Amino acid sequence: MSYTEDVAKKINELLEKNYDAQKGFVNSSEHVDNTNLKTYFKSKAAEREKFTDELKREIISFGEKPIDSGSITGDMHRTWMNIKSALSSNDEEAILEEVQRGEEASLEDYNEILEETSLPESTKAMITRQRNAIKNSVNNAKRYEHIVS
């Protein structure tokens, strides 16, 4: 596997997980009544959509093909599937906890790719920026716990 194929493969893994996260945030926003929480989830879904666009462009810049949907299996999928369970009870606190768990898993995925992969500087900067936004999201989710508890 060439360098560009290897980097594109790793970025595609992040892309797939961002598709899952975006879907999770959309589902979450549809199952809460609290206006602030609904707005927060919608903004996170939009942010993840932006991340997917950036990741797709990066993969294309390596001459590779980006995937076009989320995963069916994998850790992120299972995490976001837990949100579905929480959604069925319409328990805002449970939904927020699952979202936070999903964001923490995303943070780990981003940290892993940044630590283990030799990336071009522009790619590393983009992934670092996205990782930092997710880190802020984890902190924000903790603040929202006060709203729903």
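No lab work stands behind these numbers, since they all come straight from the coordinates. All values reported here derive from a predicted model rather than from experimental measurement. A quick note on method: Cβ atoms are made from the backbone with ideal geometry, for glycine too, and the neighbour counts reach across all protein chains shown.
Numbers at a glance
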quantity: Whole-number Å³ per residue for the convex hull built on Cα positions in segment 1-70; calculated: 58 Å³
quantity: Label-point separation, K65 to D53 (7 Å along Cα→Cβ), nm; calculated: 2.4 nm
quantity: Cut-off 11 Å between beta-carbons: net charge of the residues surrounding N111, Lys and Arg +1, Asp and Glu -1; calculated: -4
